[in-house]
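Student: Below is the structure I would like to discuss, written out as C-alpha coordinates.
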2 protein chains.
Amino acid sequence: MSKAKQPAEGAASRLDGNALRTQRTRSRVLAQSLALFNELGEAHVTTGMIADALDMSPGNLYYHFRNKGQIIEELFDRFEQRVDVRPRASGRAAEAIEDLWLYLHLMLEAIGEYRFIYRNLDDVVGRNRKLRVRFARIVDRQAGAIVALCESLVGSGAMQARPAQIATLAQNAIIVSTSWLGFAAATGRDGGEAAALGQGAFQVMSLFAPYLRGEARAHLDSLILEYID
Amino acid sequence: MSKAKQPAEGAASRLDGNALRTQRTRSRVLAQSLALFNELGEAHVTTGMIADALDMSPGNLYYHFRNKGQIIEELFDRFEQRVDVRPRASGRAAEAIEDLWLYLHLMLEAIGEYRFIYRNLDDVVGRNRKLRVRFARIVDRQAGAIVALCESLVGSGAMQARPAQIATLAQNAIIVSTSWLGFAAATGRDGGEAAALGQGAFQVMSLFAPYLRGEARAHLDSLILEYID
DNA sequence: GTCTATATAGGGATAGAC
DNA sequence: GTCTATCCCTATATAGAC
(Lines give C-alpha, C1' and ligand atoms only; values in the text may rest on other atoms or scores of the structure.)
Protein backbone atom coordinates (compact mmCIF):
# COMPACT_ATOMS: atom_id res chain seq x y z
CA MET A 1 0.00 0.00 0.00
CA SER A 2 2.64 2.53 1.01
CA LYS A 3 5.23 3.15 -1.69
CA ALA A 4 8.83 4.07 -1.04
CA LYS A 5 9.00 7.77 -0.42
CA GLN A 6 12.65 8.46 -1.14
CA PRO A 7 14.04 8.29 -4.70
CA ALA A 8 17.59 7.21 -3.80
CA GLU A 9 16.85 3.73 -2.63
CA GLY A 10 17.41 1.28 -5.44
CA ALA A 11 21.20 1.30 -5.14
CA ALA A 12 21.70 0.87 -1.43
CA SER A 13 19.03 -0.42 0.91
CA ARG A 14 21.12 -0.04 4.05
CA LEU A 15 20.61 2.98 6.26
CA ASP A 16 23.65 5.04 5.38
CA GLY A 17 24.45 8.56 6.52
CA ASN A 18 22.37 10.24 3.87
CA ALA A 19 19.29 8.23 4.64
CA LEU A 20 19.58 9.12 8.29
CA ARG A 21 19.97 12.76 7.41
CA THR A 22 16.93 12.56 5.21
CA GLN A 23 14.84 11.11 7.98
CA ARG A 24 16.05 13.77 10.35
CA THR A 25 15.12 16.54 7.96
CA ARG A 26 11.69 15.05 7.40
CA SER A 27 11.15 14.91 11.13
CA ARG A 28 12.21 18.51 11.59
CA VAL A 29 9.77 19.60 8.90
CA LEU A 30 6.95 17.67 10.53
CA ALA A 31 7.70 19.07 13.98
CA GLN A 32 7.93 22.63 12.72
CA SER A 33 4.79 22.25 10.65
CA LEU A 34 2.89 20.96 13.64
CA ALA A 35 4.01 23.91 15.75
CA LEU A 36 3.04 26.44 13.10
CA PHE A 37 -0.24 24.72 12.24
CA ASN A 38 -1.20 24.70 15.90
CA GLU A 39 -0.27 28.32 16.35
CA LEU A 40 -1.71 29.86 13.21
CA GLY A 41 -4.10 27.33 11.74
CA GLU A 42 -3.18 25.03 8.89
CA ALA A 43 -4.67 27.20 6.15
CA HIS A 44 -2.62 30.20 7.23
CA VAL A 45 0.73 28.44 7.22
CA THR A 46 2.48 28.44 3.87
CA THR A 47 5.13 26.01 2.81
CA GLY A 48 7.39 29.02 2.60
CA MET A 49 6.85 29.83 6.25
CA ILE A 50 7.67 26.30 7.27
CA ALA A 51 10.87 26.37 5.23
CA ASP A 52 11.81 29.80 6.57
CA ALA A 53 11.37 28.70 10.16
CA LEU A 54 13.85 25.90 9.51
CA ASP A 55 16.31 28.05 7.53
CA MET A 56 15.59 25.84 4.60
CA SER A 57 14.64 26.56 1.03
CA PRO A 58 11.11 25.87 -0.25
CA GLY A 59 12.63 23.67 -2.91
CA ASN A 60 14.27 21.50 -0.32
CA LEU A 61 11.01 21.10 1.53
CA TYR A 62 9.43 19.85 -1.68
CA TYR A 63 12.24 17.40 -2.11
CA HIS A 64 11.12 15.71 1.09
CA PHE A 65 7.36 16.09 0.69
CA ARG A 66 5.31 15.85 -2.48
CA ASN A 67 3.00 18.61 -1.31
CA LYS A 68 1.52 20.29 1.70
CA GLY A 69 -1.19 17.67 1.95
CA GLN A 70 1.40 14.99 2.51
CA ILE A 71 2.75 16.86 5.52
CA ILE A 72 -0.76 17.03 6.93
CA GLU A 73 -1.38 13.36 6.32
CA GLU A 74 1.83 12.31 8.01
CA LEU A 75 1.00 14.49 10.99
CA PHE A 76 -2.38 12.82 11.05
CA ASP A 77 -0.60 9.44 11.04
CA ARG A 78 1.29 10.45 14.14
CA PHE A 79 -1.86 11.72 15.78
CA GLU A 80 -3.67 8.51 15.00
CA GLN A 81 -0.99 6.49 16.77
CA ARG A 82 -0.75 8.97 19.61
CA VAL A 83 -4.47 8.77 20.31
CA ASP A 84 -4.87 5.04 20.02
CA VAL A 85 -4.86 4.28 23.73
CA ARG A 86 -6.59 1.29 25.21
CA PRO A 87 -8.09 2.45 28.47
CA ARG A 88 -7.27 0.53 31.58
CA ALA A 89 -10.37 -1.19 32.90
CA SER A 90 -10.02 -2.33 36.45
CA GLY A 91 -12.99 -3.92 38.10
CA ARG A 92 -13.03 -2.05 41.36
CA ALA A 93 -15.32 0.95 41.69
CA ALA A 94 -12.84 3.31 43.27
CA GLU A 95 -10.40 2.73 40.43
CA ALA A 96 -12.96 2.69 37.64
CA ILE A 97 -13.66 6.37 38.04
CA GLU A 98 -9.95 7.06 37.87
CA ASP A 99 -9.69 4.97 34.74
CA LEU A 100 -12.28 7.16 33.09
CA TRP A 101 -10.55 10.26 34.33
CA LEU A 102 -7.19 9.07 33.04
CA TYR A 103 -8.54 8.14 29.64
CA LEU A 104 -10.27 11.47 29.09
CA HIS A 105 -7.19 13.24 30.30
CA LEU A 106 -5.02 11.44 27.77
CA MET A 107 -7.47 12.25 24.99
CA LEU A 108 -7.51 15.93 25.84
CA GLU A 109 -3.73 16.02 25.90
CA ALA A 110 -3.49 14.39 22.49
CA ILE A 111 -6.08 16.79 21.11
CA GLY A 112 -4.11 19.69 22.53
CA GLU A 113 -0.90 18.49 20.92
CA TYR A 114 -2.54 18.19 17.52
CA ARG A 115 -5.09 20.92 17.94
CA PHE A 116 -4.69 22.20 14.37
CA ILE A 117 -6.76 19.19 13.35
CA TYR A 118 -9.56 20.20 15.68
CA ARG A 119 -9.25 23.91 15.24
CA ASN A 120 -10.54 23.50 11.75
CA LEU A 121 -12.02 20.05 11.45
CA ASP A 122 -13.84 20.86 8.27
CA ASP A 123 -10.85 21.96 6.24
CA VAL A 124 -8.30 19.52 7.61
CA VAL A 125 -10.46 16.43 7.85
CA GLY A 126 -13.90 17.03 6.39
CA ARG A 127 -12.72 17.64 2.84
CA ASN A 128 -10.26 14.80 2.61
CA ARG A 129 -12.02 11.54 2.03
CA LYS A 130 -9.27 9.37 3.43
CA LEU A 131 -8.77 11.48 6.52
CA ARG A 132 -12.50 11.76 7.09
CA VAL A 133 -12.86 8.00 7.22
CA ARG A 134 -9.87 7.62 9.48
CA PHE A 135 -11.13 10.35 11.77
CA ALA A 136 -14.51 8.68 12.00
CA ARG A 137 -12.76 5.49 12.99
CA ILE A 138 -10.84 7.29 15.72
CA VAL A 139 -14.09 8.73 17.04
CA ASP A 140 -15.66 5.29 17.01
CA ARG A 141 -12.80 3.86 19.02
CA GLN A 142 -13.01 6.69 21.51
CA ALA A 143 -16.74 6.20 21.87
CA GLY A 144 -16.21 2.49 22.38
CA ALA A 145 -13.61 3.12 25.05
CA ILE A 146 -15.83 5.56 26.93
CA VAL A 147 -18.79 3.22 26.74
CA ALA A 148 -16.67 0.36 28.10
CA LEU A 149 -15.45 2.51 30.96
CA CYS A 150 -19.01 3.55 31.77
CA GLU A 151 -20.20 -0.04 31.72
CA SER A 152 -17.45 -0.88 34.14
CA LEU A 153 -18.69 1.90 36.39
CA VAL A 154 -22.26 0.66 36.10
CA GLY A 155 -21.14 -2.86 36.93
CA SER A 156 -19.51 -1.72 40.13
CA GLY A 157 -22.54 0.34 41.12
CA ALA A 158 -20.72 3.65 40.82
CA MET A 159 -22.82 4.77 37.86
CA GLN A 160 -26.47 4.51 37.10
CA ALA A 161 -27.33 4.75 33.42
CA ARG A 162 -29.02 2.72 30.73
CA PRO A 163 -27.10 1.68 27.60
CA ALA A 164 -28.83 4.30 25.44
CA GLN A 165 -27.91 6.98 27.92
CA ILE A 166 -24.33 5.83 27.97
CA ALA A 167 -24.11 5.96 24.20
CA THR A 168 -25.43 9.51 24.10
CA LEU A 169 -23.20 10.51 26.98
CA ALA A 170 -20.14 9.16 25.19
CA GLN A 171 -21.06 11.10 22.06
CA ASN A 172 -21.43 14.29 24.02
CA ALA A 173 -18.15 13.73 25.81
CA ILE A 174 -16.38 13.39 22.49
CA ILE A 175 -18.08 16.44 21.03
CA VAL A 176 -17.13 18.62 23.98
CA SER A 177 -13.56 17.27 24.02
CA THR A 178 -13.31 17.85 20.31
CA SER A 179 -14.79 21.32 20.24
CA TRP A 180 -13.77 22.93 23.47
CA LEU A 181 -10.47 24.41 22.34
CA GLY A 182 -11.90 25.90 19.19
CA PHE A 183 -14.88 27.24 21.04
CA ALA A 184 -12.73 28.86 23.71
CA ALA A 185 -10.59 30.47 21.04
CA ALA A 186 -13.59 31.78 19.10
CA THR A 187 -15.07 33.43 22.14
CA GLY A 188 -11.65 34.82 23.04
CA ARG A 189 -11.58 33.36 26.52
CA ASP A 190 -8.87 30.78 26.13
CA GLY A 191 -6.55 32.90 28.24
CA GLY A 192 -3.62 30.62 27.65
CA GLU A 193 -3.58 27.06 26.45
CA ALA A 194 -3.05 25.45 29.84
CA ALA A 195 -6.09 27.19 31.31
CA ALA A 196 -8.21 26.25 28.30
CA LEU A 197 -7.22 22.62 28.66
CA GLY A 198 -8.08 22.52 32.34
CA GLN A 199 -11.41 24.17 31.75
CA GLY A 200 -12.06 21.70 28.95
CA ALA A 201 -11.40 18.76 31.23
CA PHE A 202 -13.80 20.24 33.72
CA GLN A 203 -16.53 20.64 31.12
CA VAL A 204 -16.12 17.08 29.92
CA MET A 205 -16.02 15.47 33.33
CA SER A 206 -19.08 17.37 34.43
CA LEU A 207 -21.03 15.49 31.78
CA PHE A 208 -20.53 12.29 33.73
CA ALA A 209 -21.16 13.67 37.19
CA PRO A 210 -24.97 13.43 37.27
CA TYR A 211 -24.84 9.72 36.43
CA LEU A 212 -22.45 8.85 39.24
CA ARG A 213 -23.65 7.55 42.58
CA GLY A 214 -22.32 7.55 46.10
CA GLU A 215 -18.64 8.03 46.69
CA ALA A 216 -17.77 7.82 43.01
CA ARG A 217 -19.38 11.19 42.55
CA ALA A 218 -17.49 12.67 45.47
CA HIS A 219 -14.33 11.13 44.11
CA LEU A 220 -14.89 12.79 40.74
CA ASP A 221 -15.56 16.15 42.36
CA SER A 222 -12.29 15.95 44.22
CA LEU A 223 -10.42 14.99 41.05
CA ILE A 224 -11.91 17.96 39.27
CA LEU A 225 -11.09 20.39 42.05
CA GLU A 226 -7.57 19.07 42.16
CA TYR A 227 -7.10 19.46 38.45
CA ILE A 228 -8.38 22.99 37.96
CA ASP A 229 -6.77 24.20 41.23
CA MET B 1 -20.92 55.13 13.52
CA SER B 2 -22.17 53.63 10.29
CA LYS B 3 -21.37 55.71 7.26
CA ALA B 4 -23.55 55.92 4.17
CA LYS B 5 -22.77 52.97 2.01
CA GLN B 6 -24.04 54.16 -1.35
CA PRO B 7 -22.27 56.95 -3.27
CA ALA B 8 -25.31 58.37 -5.08
CA GLU B 9 -27.03 59.87 -2.10
CA GLY B 10 -26.13 63.54 -1.83
CA ALA B 11 -28.45 64.63 -4.62
CA ALA B 12 -31.67 62.85 -3.74
CA SER B 13 -32.42 61.51 -0.30
CA ARG B 14 -35.79 60.09 -1.25
CA LEU B 15 -36.06 56.40 -2.02
CA ASP B 16 -36.28 56.52 -5.79
CA GLY B 17 -36.24 53.59 -8.16
CA ASN B 18 -32.50 53.26 -8.27
CA ALA B 19 -32.14 53.16 -4.53
CA LEU B 20 -34.73 50.41 -4.33
CA ARG B 21 -32.94 48.49 -7.03
CA THR B 22 -29.67 48.89 -5.19
CA GLN B 23 -31.14 47.52 -2.02
CA ARG B 24 -32.60 44.62 -3.90
CA THR B 25 -29.28 43.77 -5.49
CA ARG B 26 -27.52 43.93 -2.15
CA SER B 27 -30.08 41.57 -0.68
CA ARG B 28 -29.69 39.13 -3.54
CA VAL B 29 -25.93 39.11 -3.05
CA LEU B 30 -26.30 38.47 0.65
CA ALA B 31 -28.79 35.66 0.14
CA GLN B 32 -26.67 33.98 -2.52
CA SER B 33 -23.52 34.38 -0.45
CA LEU B 34 -25.20 32.79 2.54
CA ALA B 35 -26.33 29.83 0.44
CA LEU B 36 -22.87 29.30 -1.02
CA PHE B 37 -21.06 29.85 2.26
CA ASN B 38 -23.28 27.29 3.94
CA GLU B 39 -22.82 24.80 1.17
CA LEU B 40 -19.09 25.09 0.51
CA GLY B 41 -17.61 26.92 3.47
CA GLU B 42 -16.80 30.61 3.44
CA ALA B 43 -13.13 30.20 2.56
CA HIS B 44 -13.97 28.17 -0.53
CA VAL B 45 -16.45 30.62 -1.99
CA THR B 46 -14.89 33.30 -4.16
CA THR B 47 -16.45 36.62 -4.98
CA GLY B 48 -16.44 35.43 -8.57
CA MET B 49 -18.58 32.42 -7.71
CA ILE B 50 -21.10 34.61 -5.95
CA ALA B 51 -21.28 36.95 -8.92
CA ASP B 52 -21.55 34.04 -11.35
CA ALA B 53 -24.42 32.48 -9.45
CA LEU B 54 -26.30 35.75 -9.78
CA ASP B 55 -25.40 36.31 -13.44
CA MET B 56 -23.60 39.40 -12.34
CA SER B 57 -20.11 40.70 -12.97
CA PRO B 58 -17.49 40.68 -10.22
CA GLY B 59 -17.12 44.41 -10.73
CA ASN B 60 -20.76 44.95 -9.99
CA LEU B 61 -20.53 42.97 -6.80
CA TYR B 62 -17.69 45.23 -5.68
CA TYR B 63 -19.82 48.23 -6.44
CA HIS B 64 -22.22 47.08 -3.74
CA PHE B 65 -19.72 45.70 -1.23
CA ARG B 66 -16.31 47.07 -0.38
CA ASN B 67 -14.91 43.58 0.01
CA LYS B 68 -15.73 40.03 0.90
CA GLY B 69 -15.38 40.76 4.58
CA GLN B 70 -18.22 43.24 4.40
CA ILE B 71 -20.52 40.57 3.04
CA ILE B 72 -19.58 38.33 5.93
CA GLU B 73 -20.12 41.08 8.48
CA GLU B 74 -23.55 41.94 7.13
CA LEU B 75 -24.52 38.29 7.20
CA PHE B 76 -23.32 38.22 10.77
CA ASP B 77 -25.54 41.25 11.47
CA ARG B 78 -28.51 39.32 10.25
CA PHE B 79 -27.55 36.30 12.27
CA GLU B 80 -27.14 38.39 15.38
CA GLN B 81 -30.67 39.71 15.04
CA ARG B 82 -32.03 36.32 14.10
CA VAL B 83 -30.58 34.70 17.18
CA ASP B 84 -31.51 37.36 19.69
CA VAL B 85 -34.57 35.64 21.08
CA ARG B 86 -35.80 36.23 24.59
CA PRO B 87 -37.02 32.90 25.88
CA ARG B 88 -40.49 32.67 27.22
CA ALA B 89 -40.41 31.96 30.93
CA SER B 90 -43.68 30.75 32.30
CA GLY B 91 -43.85 29.81 35.94
CA ARG B 92 -45.60 26.49 35.69
CA ALA B 93 -43.50 23.35 35.65
CA ALA B 94 -45.19 21.60 32.76
CA GLU B 95 -44.63 24.62 30.55
CA ALA B 96 -41.13 25.42 31.78
CA ILE B 97 -39.72 22.31 30.18
CA GLU B 98 -41.37 23.25 26.92
CA ASP B 99 -39.94 26.74 27.18
CA LEU B 100 -36.46 25.26 27.36
CA TRP B 101 -37.22 22.92 24.50
CA LEU B 102 -38.54 25.76 22.37
CA TYR B 103 -35.59 27.99 23.07
CA LEU B 104 -33.00 25.35 22.21
CA HIS B 105 -34.96 24.47 19.12
CA LEU B 106 -34.92 28.07 17.93
CA MET B 107 -31.19 28.31 18.56
CA LEU B 108 -30.47 25.17 16.58
CA GLU B 109 -32.56 26.44 13.70
CA ALA B 110 -30.72 29.74 13.63
CA ILE B 111 -27.38 27.95 13.76
CA GLY B 112 -28.49 25.75 10.89
CA GLU B 113 -29.48 28.74 8.77
CA TYR B 114 -26.12 30.42 9.30
CA ARG B 115 -24.06 27.32 9.67
CA PHE B 116 -21.13 28.71 7.69
CA ILE B 117 -20.31 30.72 10.81
CA TYR B 118 -20.14 27.57 12.90
CA ARG B 119 -18.65 25.34 10.30
CA ASN B 120 -15.47 27.28 10.63
CA LEU B 121 -15.67 29.37 13.75
CA ASP B 122 -11.99 30.07 13.80
CA ASP B 123 -11.71 31.61 10.37
CA VAL B 124 -15.03 33.42 10.29
CA VAL B 125 -15.16 34.69 13.85
CA GLY B 126 -11.93 33.92 15.69
CA ARG B 127 -9.69 36.07 13.52
CA ASN B 128 -11.91 39.12 13.33
CA ARG B 129 -11.69 41.14 16.50
CA LYS B 130 -15.07 42.80 16.10
CA LEU B 131 -16.88 39.60 15.24
CA ARG B 132 -15.14 37.72 18.01
CA VAL B 133 -16.42 40.16 20.60
CA ARG B 134 -19.91 40.13 19.17
CA PHE B 135 -19.92 36.35 19.05
CA ALA B 136 -18.83 36.18 22.68
CA ARG B 137 -21.74 38.47 23.55
CA ILE B 138 -24.16 36.22 21.71
CA VAL B 139 -22.85 33.22 23.62
CA ASP B 140 -23.21 35.10 26.88
CA ARG B 141 -26.82 35.93 26.12
CA GLN B 142 -27.53 32.34 25.20
CA ALA B 143 -25.94 31.11 28.40
CA GLY B 144 -27.96 33.63 30.37
CA ALA B 145 -31.16 32.50 28.73
CA ILE B 146 -30.47 28.84 29.40
CA VAL B 147 -29.54 29.54 33.01
CA ALA B 148 -32.77 31.50 33.51
CA LEU B 149 -34.82 28.67 32.02
CA CYS B 150 -33.09 26.17 34.28
CA GLU B 151 -33.70 28.33 37.33
CA SER B 152 -37.33 28.44 36.41
CA LEU B 153 -37.32 24.65 36.24
CA VAL B 154 -35.60 24.42 39.59
CA GLY B 155 -38.11 26.84 41.09
CA SER B 156 -41.00 24.66 40.00
CA GLY B 157 -39.32 21.52 41.28
CA ALA B 158 -38.90 20.00 37.85
CA MET B 159 -35.12 20.24 37.99
CA GLN B 160 -32.60 19.56 40.69
CA ALA B 161 -29.30 21.32 40.22
CA ARG B 162 -27.06 23.76 42.03
CA PRO B 163 -26.15 27.10 40.42
CA ALA B 164 -22.63 25.93 39.58
CA GLN B 165 -24.02 22.85 37.89
CA ILE B 166 -26.47 24.94 35.91
CA ALA B 167 -23.71 27.22 34.69
CA THR B 168 -21.61 24.28 33.52
CA LEU B 169 -24.64 22.64 31.97
CA ALA B 170 -25.48 25.78 30.02
CA GLN B 171 -21.92 25.98 28.72
CA ASN B 172 -22.02 22.39 27.57
CA ALA B 173 -25.38 22.89 25.91
CA ILE B 174 -23.98 25.79 23.92
CA ILE B 175 -20.85 23.89 22.98
CA VAL B 176 -22.80 20.92 21.70
CA SER B 177 -25.29 23.13 19.85
CA THR B 178 -22.43 25.07 18.34
CA SER B 179 -20.30 22.15 17.33
CA TRP B 180 -22.70 19.41 16.42
CA LEU B 181 -23.13 20.24 12.75
CA GLY B 182 -19.42 20.58 12.12
CA PHE B 183 -18.69 17.42 14.03
CA ALA B 184 -21.30 15.44 12.13
CA ALA B 185 -19.89 16.69 8.84
CA ALA B 186 -16.31 15.85 9.81
CA THR B 187 -17.20 12.30 10.70
CA GLY B 188 -19.24 12.02 7.52
CA ARG B 189 -22.43 10.96 9.23
CA ASP B 190 -24.56 14.01 8.69
CA GLY B 191 -26.68 12.04 6.21
CA GLY B 192 -28.68 15.08 5.24
CA GLU B 193 -29.05 18.34 7.04
CA ALA B 194 -32.47 17.64 8.48
CA ALA B 195 -31.30 14.42 10.09
CA ALA B 196 -28.21 16.12 11.49
CA LEU B 197 -30.33 18.85 13.03
CA GLY B 198 -32.66 16.37 14.69
CA GLN B 199 -29.77 14.36 16.05
CA GLY B 200 -28.20 17.56 17.32
CA ALA B 201 -31.36 18.50 19.18
CA PHE B 202 -31.36 15.07 20.73
CA GLN B 203 -27.77 15.37 21.88
CA VAL B 204 -28.38 18.78 23.42
CA MET B 205 -31.57 17.88 25.20
CA SER B 206 -30.03 14.75 26.63
CA LEU B 207 -27.64 16.98 28.55
CA PHE B 208 -30.54 18.26 30.62
CA ALA B 209 -32.29 14.95 31.16
CA PRO B 210 -30.36 13.69 34.20
CA TYR B 211 -31.12 16.87 36.12
CA LEU B 212 -34.87 16.64 35.59
CA ARG B 213 -37.19 15.10 38.16
CA GLY B 214 -40.56 13.45 38.06
CA GLU B 215 -42.87 14.07 35.17
CA ALA B 216 -40.65 16.77 33.68
CA ARG B 217 -38.19 14.07 32.73
CA ALA B 218 -40.89 11.95 31.15
CA HIS B 219 -42.17 15.01 29.37
CA LEU B 220 -38.74 15.67 27.90
CA ASP B 221 -38.37 12.08 26.78
CA SER B 222 -41.65 12.27 24.92
CA LEU B 223 -40.66 15.55 23.28
CA ILE B 224 -37.40 13.98 22.14
CA LEU B 225 -39.07 10.87 20.76
CA GLU B 226 -41.60 13.01 18.95
CA TYR B 227 -38.90 15.16 17.40
CA ILE B 228 -36.56 12.50 16.09
CA ASP B 229 -39.46 10.27 14.98
C1' DG C 1 -25.80 50.39 -11.72
C1' DT C 2 -23.47 47.29 -14.51
C1' DC C 3 -19.99 45.60 -17.54
C1' DT C 4 -15.11 44.17 -19.33
C1' DA C 5 -10.52 44.11 -18.58
C1' DT C 6 -6.82 44.08 -15.67
C1' DA C 7 -3.69 45.18 -11.81
C1' DT C 8 -1.86 42.95 -7.88
C1' DA C 9 -0.51 39.63 -4.59
C1' DG C 10 0.14 35.40 -2.60
C1' DG C 11 1.20 30.71 -2.33
C1' DG C 12 1.76 25.91 -4.17
C1' DA C 13 4.81 23.56 -6.77
C1' DT C 14 8.72 22.65 -10.30
C1' DA C 15 13.36 23.09 -12.97
C1' DG C 16 17.82 22.89 -12.99
C1' DA C 17 22.29 24.32 -11.02
C1' DC C 18 25.44 23.05 -7.33
C1' DG D 1 20.28 16.89 -0.27
C1' DT D 2 19.97 21.64 -0.86
C1' DC D 3 19.65 26.02 -3.17
C1' DT D 4 17.90 29.83 -6.42
C1' DA D 5 14.79 31.22 -9.61
C1' DT D 6 10.55 31.02 -11.48
C1' DC D 7 6.24 29.21 -13.35
C1' DC D 8 1.41 29.11 -12.81
C1' DC D 9 -2.81 29.52 -10.95
C1' DT D 10 -6.23 31.53 -8.19
C1' DA D 11 -8.57 35.21 -5.86
C1' DT D 12 -9.19 39.84 -4.27
C1' DA D 13 -9.95 44.16 -5.71
C1' DT D 14 -9.77 48.28 -8.99
C1' DA D 15 -10.17 51.24 -13.43
C1' DG D 16 -12.66 53.00 -16.68
C1' DA D 17 -16.10 52.39 -20.47
C1' DC D 18 -21.14 52.18 -21.18
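Student: Of these, B:186, B:143, which one is crowded, with 18+ Cβ neighbours inside 10 Å and either under 21 Å from residue B:91 (Cα atoms) or under 24 Å from the mean Cα position of the chain (by Cα) (or both)?
Tutor: After applying the criteria, what remains is B:186.
Student: Which one is nearest to residue B:209 (Cα to Cα), of the residues in the range A:196-213 that are at the interface with chain B (Cβ under 7 Å from one of its Cβ atoms) and out of contact with any strand residue (DSSP E or B) (no Cβ under 7 Å at 6 or more places or on another chain)? Spell out the reasoning first.
Tutor: Within the range A:196-213, the first condition is being at the interface with chain B (Cβ under 7 Å from one of its Cβ atoms), and the residues that meet it are A:203, A:206-207, A:210-211.
Now restrict to residues that are out of contact with any strand residue (DSSP E or B) (no Cβ under 7 Å at 6 or more places or on another chain): A:203, A:206-207, A:210.
Working: A:203: 17, A:206: 14, A:207: 11, A:210: 10 Å.
The extreme case among them is A:210.
Student: Ok, one more. Answer yes or no: is there a residue in the range B:118-127 that is out of contact with any helix residue (DSSP H, G or I) (no Cβ under 8 Å at 6 or more places or on another chain) and over 30 Å from residue B:221 (Cβ atoms).
Tutor: Looking for residues that are out of contact with any helix residue (DSSP H, G or I) (no Cβ under 8 Å at 6 or more places or on another chain) and over 30 Å from residue B:221 (Cβ atoms), one finds at least one in the range B:118-127, hence yes.
For every residue, the table says whether it meets (1) more than 21 Å from residue A:119 (Cα to Cα); (2) modelled with pLDDT of 95 or more; (3) within 14 Å of another protein chain (Cβ to nearest Cβ).
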position: A:139; (1), (2), (3): no, yes, yes
position: A:151; (1), (2), (3): yes, yes, no
position: A:155; (1), (2), (3): yes, no, no
position: A:187; (1), (2), (3): no, no, yes
position: A:191; (1), (2), (3): no, no, yes
position: A:194; (1), (2), (3): no, no, no
position: A:215; (1), (2), (3): yes, no, no
position: A:219; (1), (2), (3): yes, no, no
position: A:223; (1), (2), (3): yes, no, no
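Student: Where residues in the range B:157-185 are closer than 30 Å to residue B:40 by Cα and of a type in the set (Ser, Thr, Tyr), which of them is farthest from the other protein chains (Cβ to nearest Cβ)?
Tutor: B:177
Student: Could you tell me which residue of the range B:6-32 is modelled with the lowest pLDDT, considering only residues that are surrounded by 13 or more Cβ atoms within 10 Å (Cβ to Cβ) and within 10 Å of DNA strand C (Cβ to nearest atom)?
Tutor: Filtering first and then ranking leaves B:19.
Student: Being surrounded by fewer than 19 Cβ atoms within 10 Å (Cβ to Cβ) and under 19 Å from the mean Cα position of the chain (by Cα) is the filter here; which residues of the range B:60-75 pass it?
Tutor: Once the filter is applied, which keeps residues that are surrounded by fewer than 19 Cβ atoms within 10 Å (Cβ to Cβ) and under 19 Å from the mean Cα position of the chain (by Cα), the range B:60-75 yields B:69, B:70, B:73, B:74.
Student: Considering B:156, B:179, B:152, which residue is crowded, with 21+ Cβ neighbours inside 10 Å and more than 21 Å from the chain's Cα centre (by Cα)?
Tutor: B:152
Student: Hey, another quick one. From (1) of a type in the set (Phe, Trp, Tyr); (2) surrounded by fewer than 18 Cβ atoms within 10 Å (Cβ to Cβ); (3) modelled with pLDDT of 90 or more, pick out the condition that doesn't hold for residue B:227.
Tutor: Only one criterion in (1) of a type in the set (Phe, Trp, Tyr); (2) surrounded by fewer than 18 Cβ atoms within 10 Å (Cβ to Cβ); (3) modelled with pLDDT of 90 or more is unmet by residue B:227, namely (3).
Student: Right, another one. For the range A:48-64, what are the residues that are closer than 18 Å to residue A:35 by Cβ and either away from DNA strand D (no atom under 11 Å from the Cβ) or polar (S, T, N, Q) (or both)?
Tutor: Those that are closer than 18 Å to residue A:35 by Cβ and either away from DNA strand D (no atom under 11 Å from the Cβ) or polar (S, T, N, Q) (or both): A:49, A:50, A:53.
Student: Answer with yes or no whether residue B:96 is of a type in the set (A, V, I, L, M), more than 20 Å from the chain's Cα centre (by Cα) and at pLDDT below 95.
Tutor: Here the answer is yes, as residue B:96 does meet what is asked.
Student: A further question follows. Give me the residue from the range A:55-88 that is within 14 Å of DNA strand C (Cβ to nearest atom), in contact with a helix residue (DSSP H, G or I) (Cβ under 7 Å, 6 or more places away or on another chain) and assigned to a loop (DSSP other than H, G, I, E, B) and, out of that set, nearest to the other protein chains (Cβ to nearest Cβ).
Tutor: The selected residue is A:65.
Student: Of all residues being more than 14 Å from chain A (Cβ to nearest Cβ) and within 13 Å of DNA strand C (Cβ to nearest atom) in the range B:33-54, which is surrounded by the fewest Cβ atoms within 10 Å (Cβ to Cβ)? Just the residue, please.
Tutor: B:48
Student: Taking residue B:126 as meeting all but one of (1) within 16 Å of DNA strand C (Cβ to nearest atom); (2) within 14 Å of chain A (Cβ to nearest Cβ), write down the number of the exception.
Tutor: Answer for residue B:126: the failing condition is (1).
Student: Among the residues of the range A:26-47 satisfying the criterion of being part of a helix (DSSP H, G or I) and away from DNA strand D (no atom under 16 Å from the Cβ), which is nearest to residue B:126 (Cα to Cα)? If you could, list the steps in order and put the result at the bottom.
Tutor: Of the range A:26-47, the ones part of a helix (DSSP H, G or I) are A:26-40, A:42-44, A:47.
Add one more test, that the residue is away from DNA strand D (no atom under 16 Å from the Cβ), and what stays is A:34-40, A:42.
Values: A:34: 20, A:35: 19, A:36: 17, A:37: 15, A:38: 14, A:39: 13, A:40: 11, A:42: 14 Å.
Among them, the one singled out is A:40.
Student: Collect the residues in the range A:89-122 that are touching an Asp or Glu at 6+ places or on another chain (Cβ under 7 Å), within 9 Å of chain B (Cβ to nearest Cβ) and part of a helix (DSSP H, G or I), keeping them in residue-number order.
Tutor: A:119
The values are calculated or read from the model by the stated rules, or taken from the named source; none is laboratory data. Everything numeric in this text was worked out from a predicted model, so none of it was measured. No Cβ is skipped: glycine too gets one built from the backbone with ideal geometry, and neighbour counts run over all protein chains shown.
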